[in-house]
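Take a look at the structure set out below.
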Amino acid sequence: MGKNKPTKKFRKYIRTVHLYLGLATGLIVFIVSITGCLWAFQEEIKALTSNVPEVIPQNNPEIDPLEVKNIAQNVFPGKHVHGTLYQGGTSPIEVIFYEEKPEFYKSVFVHPWSGEILHIEDHLSGFFHFVIDGHMHLWLPAEIGSDIVAWSTFIFFLMLVSGIILWWPKNKKVRKQRTWFQWKQNTKWKRKNYDLHQIIGFYASFIAVIFIFTGLIMTFESFAGGFYKTIGGEKEVVFSVPENPAGSFKSTGDGNEPIRQLMPLLKEKFPDAKDYEIHYPYDEKHSIYVEVSNSDGIYYDSDYRFYDQNDLAEVPSETIYGVYEEAGVAEKILRMNYDIHVGAIAGLPGKILAFLISLLCSSLPVTGFLVWYGKKVKAKTSKSKESRVLATSN
């Protein structure tokens, strides 16, 4: 009898922690989970609802990166060009504009051969921008919302652990009750709600912890670095663009800048690439950064390549962002992080799983609140009855 007292006290303490952490972060966990659920198929839905027109492929060379940049900047003069995406086939060239403060995020779609402006897209409007803004910032200013989401995600991890401790049964009979629904026709809604919270929480937690862990890696730079070092990584985790080995680039002004020949070089070296995203140099000292996509729908196996502005000689990367085939195990694991987080690492089945787990996680704050509220109402009712009995007896 005495041996069980420490266990009971410990479980009572865990239950209290679980309760108050849940009440404090429940709404945030619900928002982050339900928006994550909605985000799961955003690429597929966007592809079906896109207003970007297709083009008829030609055998002539496409407009070079500098020319298409100049064309697009006539639409948004003075705005920073983040990069230019060459997708080939029937897709126009996409010139992406992005500025952090005040936030500006638009794309100009240009005909690859005529230079005609085909479409302009605002990435800061529409349903999926609303979804991702809620998922990352709770629709608050980024510097406030991102911290709230980050720490609430960490707390949710603690809640999953405490939930498993509370779920863990004392014997086989109780274990059977907690692994599946044992409902009868006369089972009350409070019991059903309790089972939903307990059983769904148990099964969802084993996969949800993966999504939480990958979310923490994206949120906390120090956590990402620590995890990377723990699994044997030795490179820099923070992305950076190397400088030109040949020194600062000085334009001759004759229109023959080496970057104009970059697309033919990329297509010759990587003919099977899905697309090429060119990022213009920060200044005359830094190299040209190109993201070469090797697969549809995933990012981890993309090659991050850097080219000297002076002669297009390839420049090695000192960070985890380099050529995928040359990456070590630790680099590959960390680069898979986003694709694991959204389920894309396993294709459509992975996205379906991410959708379902996020949906189940969104139910936990609701059922948990109802469990607490039901007990609170019951306690008030019992107290009220006791008061009436005492009043009557007196």
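Looking at this structure, is residue 45 surrounded by 15 or more Cβ atoms within 10 Å (Cβ to Cβ) and either at pLDDT 95 or above or in contact with a helix residue (DSSP H, G or I) (Cβ under 9 Å, 6 or more places away or on another chain) (or both)? It is false that residue 45 is surrounded by 15 or more Cβ atoms within 10 Å (Cβ to Cβ) and either at pLDDT 95 or above or in contact with a helix residue (DSSP H, G or I) (Cβ under 9 Å, 6 or more places away or on another chain) (or both).
The single condition among (1) crowded, with 16+ Cβ neighbours inside 10 Å; (2) under 25 Å from the mean Cα position of the chain (by Cα); (3) modelled with pLDDT under 95 that residue 335 does not satisfy is (3).
Test residue 315 against the criterion of being more than 24 Å from the chain's Cα centre (by Cα), under 30 Å from residue 340 (Cα atoms) and aliphatic (A, V, I, L, M), and give yes or no. Yes, satisfied. When the residues of the range 304-351 are narrowed to those that are of a type in the set (Val, Ile, Thr) and in contact (Cβ under 8 Å) with a residue 40 or more places away in the chain, which ends up farthest from residue 40 (Cα to Cα)? Among those residues, the one meeting the criterion is 315. For the condition in contact (Cβ under 8 Å) with a residue 40 or more places away in the chain and in a loop (DSSP other than H, G, I, E, B), residue 254 does not qualify. With at pLDDT 90 or above, in contact with a helix residue (DSSP H, G or I) (Cβ under 9 Å, 6 or more places away or on another chain), buried (at least 17 other Cβ atoms within 10 Å of the Cβ) and farther than 15 Å from residue 33 by Cβ as the only criterion, which of 350, 368 stands out? On inspection, the qualifying residue turns out to be 350. Among the residues making up the range 67-95, a single one is among the aromatic types (Phe, Trp, Tyr) and without any contact (Cβ under 8 Å) to a residue 40 or more places away in the chain: 76. The residues listed here are 199, 164; of these, the one that is at pLDDT 80 or above and under 16 Å from residue 14 (Cβ atoms) is 164. Among the conditions (1) part of a helix (DSSP H, G or I); (2) out of contact with any helix residue (DSSP H, G or I) (no Cβ under 8 Å at 6 or more places or on another chain), residue 239 misses just one, which is (1).
Considered as a group, the residues in the range 198-232 that are of a type in the set (A, V, I, L, M, F, W, C) and over 30 Å from residue 366 (Cα atoms) include one that is surrounded by the fewest Cβ atoms within 10 Å (Cβ to Cβ), and that residue is 231. With respect to being over 23 Å from the mean Cα position of the chain (by Cα) and in a helix (DSSP H, G or I), residue 24 fits the description.
Remark: pairs (first residue in the range 259-275, more than 12 Å from residue 312 (Cβ to Cβ); second residue among the acidic types (Asp, Glu) and surrounded by 17 or more Cβ atoms within 10 Å (Cβ to Cβ); Cβ separation under 8 Å; 6+ apart in sequence or on different chains) = 270/303.
Only a single criterion out of (1) within 21 Å of the chain's Cα centre (by Cα); (2) at pLDDT below 95 is not satisfied by residue 6, namely (1). Going by what's in this entry, would residue 261 be described as surrounded by fewer than 16 Cβ atoms within 10 Å (Cβ to Cβ) and either assigned to a helix (DSSP H, G or I) or under 32 Å from the mean Cα position of the chain (by Cα) (or both)? Spelling it out, residue 261 is indeed surrounded by fewer than 16 Cβ atoms within 10 Å (Cβ to Cβ) and either assigned to a helix (DSSP H, G or I) or under 32 Å from the mean Cα position of the chain (by Cα) (or both).
Tally time: how many residues in the range 121-151 are within 25 Å of residue 72 (Cα to Cα) and surrounded by fewer than 16 Cβ atoms within 10 Å (Cβ to Cβ)? Of the residues in the range 121-151, 5 are within 25 Å of residue 72 (Cα to Cα) and surrounded by fewer than 16 Cβ atoms within 10 Å (Cβ to Cβ). Of the numbered criteria (1) over 25 Å from residue 43 (Cα atoms); (2) in contact with a strand residue (DSSP E or B) (Cβ under 6 Å, 6 or more places away or on another chain), the one residue 293 fails is (1).
The values are calculated or read from the model by the stated rules, or taken from the named source; none is laboratory data. As the structure is a computational prediction, the values presented were derived from the model and not from experiment. Cβ coordinates were reconstructed from backbone atoms using ideal geometry, including for glycine residues, and neighbour counts include every protein chain displayed.
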